[in-house]
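See structure below.
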Amino acid sequence: MSLPDDDRFAPDDIEAWRRDGVALVRDFFTPSEVAAVCADFETVFGRSAGGGLPMNRKKGDEIGRFNGAQFKAIEIIPFDCSPALNLIGLHPSLIAFAKAALKTDAVQLYQCQAWAKFTGDADYDQPFHCDFSNHTLTVPSEDAARNSVTILCYFTDVTDAHGAMHYVTRPDSAGVAGPEASLNADPAAQSQLQKGLMRHQRSSASPAGTAIPYSIDVYHRGTNLTAPHGRRYAVMACFKAAGDESIGFTAWAFHHTRPWARLVDHATPEQLACLGVQRPGDPFWTETTLARAQARYPGWDLTAYREAVSR
Ligand SMILES: [Fe+2]
């Protein structure tokens, strides 16, 4: 397929993602999109600044660890806020990037989280790890298009004092270990792996509005927030090829008590298709299912679906 004509990213960004496993795409989101998403973060998380002092649980040159406090301020879509944050993970240009990266015309969003981090709430330092272990029951393919693409989006300026994700490109990590080594529980092997990766680590520090697509086989880690009163607002959007049953994370309907009308009422058929909703023209849509859907979501504009039925 040909690459999409999208002014938010270049063919080189797709190429960098495919080759390195990571790309940094600055100015992906406009300043007004960033401002609207930040306002929604404040509504959802109820605060806009962290504490004055960082939390540091490590001693000496100890490697960062996962701990529950790091994940306390994560929420999945949809949210009780404006359409800005509800739909940012389904931005048409993110969808276009995912289609180009995965070489397919149809993608699904299988994880979408708003993640707020605040100085002092946790020691956010993590060890290097790969995300495949909780996105698939097996292992990553060596063909990036057969896996998925996670797009980490920054909505505040992220410096190394604001918890920039650190990563190792695929060519650099290849000389250290394959992604399967991330699951080795032997402390000595882990320590050696971490030290080996640390020598190649790069920072994703970048301004608000940056999108950072990365692969599930790429070593990366969260880092601590040390800036006084610092905050980091990020959205993670994970896409897979539509119908790929080997990859998953969130079953959207399981979270049916969340305010779905906040998202559905403002989404396009293409955005909803990324959540598994049948497209206009699909035989699922009949006069009966249209009436039932309208009863469930009174504010949903079903015109495109209705027109495709009557044709
Ligand atoms: Fe991760």
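Miscellaneous remarks
- Straight-distance crosslink candidates among aspartates and glutamates, where the alpha carbon sits under 17 Å from K72 and sequence neighbours closer than 8 are dropped: E42, D121, D123, D125
- Once both labels are positioned 7 Å from their Cα atoms along Cα-to-Cβ, the gap between R19 and T138 label points is 2.9 nm.
- All Cα-Cα separations within the stretch 171-259 were binned at 10 Å from zero, giving a P(r) of 11, 32, 34, 21, 3, each value a whole percent of the pairs.
- Degrees separating the helix 31-45 axis from the principal Cα axis of the chain, which is the longest one: 80
- Tilt relative to the chain, helix 287-296 - C-alpha long axis, 0 to 90 degrees, to 10: 50
- The label-point distance for D157 and R57, in a model that sets each label 7 Å from Cα toward Cβ, rounds to 3.0 nm.
- Per-pair calculated FRET efficiency, R0 = 30 Å: A242 and F66 via Cβ, rounded to 0.05: 0.45
- Solvent-accessible area, 1.4 Å probe, carbon plus sulfur percent, for the stretch 1-144: 51
- Relative to the longest principal axis of the Cα atoms of the chain, helix 11-20 runs at roughly 50 degrees.
- Among the listed pairs K58/K240; K59/K117; K58/K103, those whose Cα-Cα separation exceeds 31 Å are K58/K240; K58/K103.
- Label zone at R199 (point 7 Å along Cα-to-Cβ), backbone N below 13 Å, the stretch 161-178: 172-177
- Nonpolar atom fraction for the stretch 270-311, defined as the carbon and sulfur part of the 1.4 Å probe accessible area, stands at 52 percent.
- Estimated distance in nm for a label pair at R47 and R279, the labels positioned 7 Å out from Cα along Cα-to-Cβ: 4.4
- Taking every protein chain into account, the accessible area of the chain amounts to 45 square angstrom per residue (probe 1.4 Å).
- Cα-derived Rg over Rh, computed across the stretch 11-255 with Rh taken as Kirkwood radius: 0.94
- For the residues P283, P78, P207, a GNM of the chain with alpha-carbon springs under 10 Å puts the largest fluctuation on P283.
- Only Cα pairs under 8 Å and 6+ residues apart enter the sum, and on that basis the relative contact order of the stretch 11-255 stands at 36 percent.
- Summing Cβ point charges (Lys, Arg +1; Asp, Glu -1) relative to the Cα centre of the chain gives a dipole of roughly 620 debye.
The values are calculated or read from the model by the stated rules, or taken from the named source; none is laboratory data. Everything quoted here is computed from the prediction, not taken from an experiment. In this analysis, Cβ positions are derived from the backbone assuming ideal geometry, glycine residues included, and neighbour counts consider all displayed protein chains. For the accessible areas, the whole protein counts, side chains as well, though only heavy atoms, and no ligand, DNA or RNA atoms are used. Shrake-Rupley method; radii C 1.70, N 1.55, O 1.52, S 1.80 Å.
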